[in-house]
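J.: To start, I am sharing the structure in question, which I have written as structure tokens.
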Amino acid sequence: MLAVLWSLQCRKMVCLAAALAFGAASARATPYLVADADTGQVLTESEGAAVWYPASLTKLMTVYVALDAVRAGKLTLDTPLVMSARAARMPPSKMGFRPGTEVTLDNALKMLMVKSPNDVAVMVAEGISGSVEGFADDMNAATSRLGLHESHFVNPNGLHDPNHVSSARDMAIIARALLREFPGHADLFGIGELQLGRQIIRNHNGLLGRYPGADGMKTGFTCPAGFNVVASANHYGRRLIVVVLGAPTAKLRTIEAAGLFDRGFAMGGGSGSLDSLPASGSGVAPNMRGEICTRRSAAAIAAAEEEENMIEPSHVNPGGRGGVFSAFAASLAPSHTEISDERPVFNPVPVFVGPVPGWRGPVLAARPRGGAEGATANDAKAYAPEKPSALENAAAEGEVPNAPAVLQGAVRTPPAALGRKPARHAASANRGGKNPASTKTLKAKNNRSDRHGAEAN
């Protein structure tokens, strides 16, 4: 009898080894990493220092630079920022605000972490640094201060650019810096839903409300990058950071991250620090477009982040990277967390358009580069409209197809109108089960991808 059991066990191990070999042969090796948020120790990783396109994970660095500017006294969370014509021209995902719309930095950061709008990212960049280019300089200055290794940023939103790169290691360093340097804003990364007027905007992070202890942080997707996530979770006071890059679908990204958390929490310690990882690869980020988007329609690409449980395309092997890794992680961990397809319920965090009531401070907007030496954000003047283009004229007439009708007028909605006080970053509480009100809310349809594979989350 024992011999039979041993034979069956051996067969299981042989099958697992064969599955792993098949997965390795059928899918590109893409990076993942698990790190301890407190110690910076790497618990497990694969290609953790490989150069990769970060997509909307970039917005973690955008938030870092913004909070650093607040810490330096350049502006406050209540400072209104102005949507420029350049920002409004960004491809989806976007909020669709008209040029001239004011949004406080506090509300803008919440939108960045939940909806991931590319127009709002540019609005934040222009308000803080005067221009996208100036903000990119500030991002790269922060890169040096934080000791990042593979990162170089050219924009605040992660829209594809061959020179806009990072790595799993660097993304973990940014996440750790946000949690350690700005602990009072940690709940910003765990908001499950926003409420803007009657519209409910859900977070793309499939771990929130589904994986025990998950409390943030950010997802990202472009065709060249694949499906990325930086996630954090806390078990009994121990917080881990997981980075997954280049997953073939949003669902497999979530499953893989959960398996990595299971594996990490089962481990006692790591083998080295984030800084000690040796450089890997050629230094050039691979382009995943052929593997991620070739057989997906434009509509499927646009819906990729909005519909986590969409039918997987036929070219994605279910026994490939995500499926094989999940089986492997389950075999190593004492328990394996199953990720439910049921949507969790969150308490929506209210956001609004316009300044806070009674605001008398500066309103920050895009401003020309090469101005007075030493000029800061506080020297900015109020918004001066640019010469309208056909796009801006269409926006003024409410004809921009990517702007939700509820937002076309950019009506200022102070917190008093919502019947509650302004919240900084009140994390939404998961109550489990389905949301009975979700069918009554307006669903934004802003994620139509442009023909260049625009950011979809």
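The values are calculated or read from the model by the stated rules, or taken from the named source; none is laboratory data. Small disclaimer: the values here were computed from a predicted structure and weren't measured. All Cβ positions, even for glycine, are placed from backbone atoms using ideal geometry, and neighbour counts span all protein chains on display.
J.: Quick one: is S93 in contact with a Ser or Thr (Cβ under 6 Å, 6 or more places away or on another chain), over 18 Å from V356 (Cβ atoms), modelled with pLDDT under 95 and assigned to a loop (DSSP other than H, G, I, E, B)?
T.: When the stated conditions are applied, S93 passes them.
J.: Given (1) outside any strand (DSSP E or B); (2) surrounded by 24 or more Cβ atoms within 10 Å (Cβ to Cβ), identify the lone condition not met by L81.
T.: The one condition L81 does not meet is (1).
J.: For segment 158-168, does any single residue satisfy the condition of being among the β-branched types (V, I, T), surrounded by fewer than 23 Cβ atoms within 10 Å (Cβ to Cβ), within 30 Å of Q41 (Cα to Cα) and without any contact (Cβ under 8 Å) to a residue 60 or more places away in the chain?
T.: Checking segment 158-168: not a single residue is among the β-branched types (V, I, T), surrounded by fewer than 23 Cβ atoms within 10 Å (Cβ to Cβ), within 30 Å of Q41 (Cα to Cα) and without any contact (Cβ under 8 Å) to a residue 60 or more places away in the chain.
J.: Return yes or no: is V316 part of a helix (DSSP H, G or I) and either surrounded by 13 or more Cβ atoms within 10 Å (Cβ to Cβ) or modelled with pLDDT under 65 (or both)?
T.: No; evaluated as a whole, the condition is false for this residue.
J.: Is it true that some residue in segment 144-157 is of a type outside the set (G, A, S), crowded, with 24+ Cβ neighbours inside 10 Å and part of a helix (DSSP H, G or I)?
T.: no
J.: Take the conditions within 14 Å of the chain's Cα centre (by Cα) and among the hydrophobic types (A, V, I, L, M, F, W, C) and apply them to L208. Does it pass?
T.: So L208 passes the test.
J.: Quick test for you: out of A142, A168, pick the one residue that is touching a Leu at 6+ places or on another chain (Cβ under 8 Å) and closer than 26 Å to V242 by Cβ.
T.: A168
J.: To continue, here is another question. Out of all the residues in segment 166-191, which are over 15 Å from the mean Cα position of the chain (by Cα) and outside any helix (DSSP H, G or I)?
T.: F182
J.: Name the residues in segment 145-186 that are farther than 30 Å from P286 by Cα and touching a Gly at 6+ places or on another chain (Cβ under 8 Å), would you?
T.: A186
J.: Inside segment 186-202, can you point out the residues that are surrounded by 20 or more Cβ atoms within 10 Å (Cβ to Cβ), in contact with a helix residue (DSSP H, G or I) (Cβ under 8 Å, 6 or more places away or on another chain) and within 19 Å of M61 (Cβ to Cβ)?
T.: Once the filter is applied, which keeps residues that are surrounded by 20 or more Cβ atoms within 10 Å (Cβ to Cβ), in contact with a helix residue (DSSP H, G or I) (Cβ under 8 Å, 6 or more places away or on another chain) and within 19 Å of M61 (Cβ to Cβ), segment 186-202 yields L188, F189, I191.
J.: May I ask you to verify whether E291 is at pLDDT 75 or above, out of contact with any Phe, Trp or Tyr (no Cβ under 6 Å at 6 or more places or on another chain) and over 24 Å from G209 (Cα atoms)?
T.: In short, yes.
J.: Okay, moving on. Just need a number here: residues in segment 44-64 that are crowded, with 23+ Cβ neighbours inside 10 Å and over 22 Å from S282 (Cα atoms).
T.: The number of residues fulfilling the criteria is 6.
J.: Let me ask something else about it. How about segment 103-134: which of its residues are in a helix (DSSP H, G or I), β-branched (V, I, T) and crowded, with 24+ Cβ neighbours inside 10 Å?
T.: Hits for segment 103-134 are V114, V120, V122, V124, I128.
J.: May I pose another question? Just give me the residues in segment 211-231 being more than 14 Å from T30 (Cα to Cα) and either hydrophobic (A, V, I, L, M, F, W, C) or crowded, with 24+ Cβ neighbours inside 10 Å (or both), in sequence order.
T.: If the condition is that a residue be more than 14 Å from T30 (Cα to Cα) and either hydrophobic (A, V, I, L, M, F, W, C) or crowded, with 24+ Cβ neighbours inside 10 Å (or both), then A214, G216, M217, K218, T219, G220, F221, T222, C223, V230, A231 are the ones that fit.
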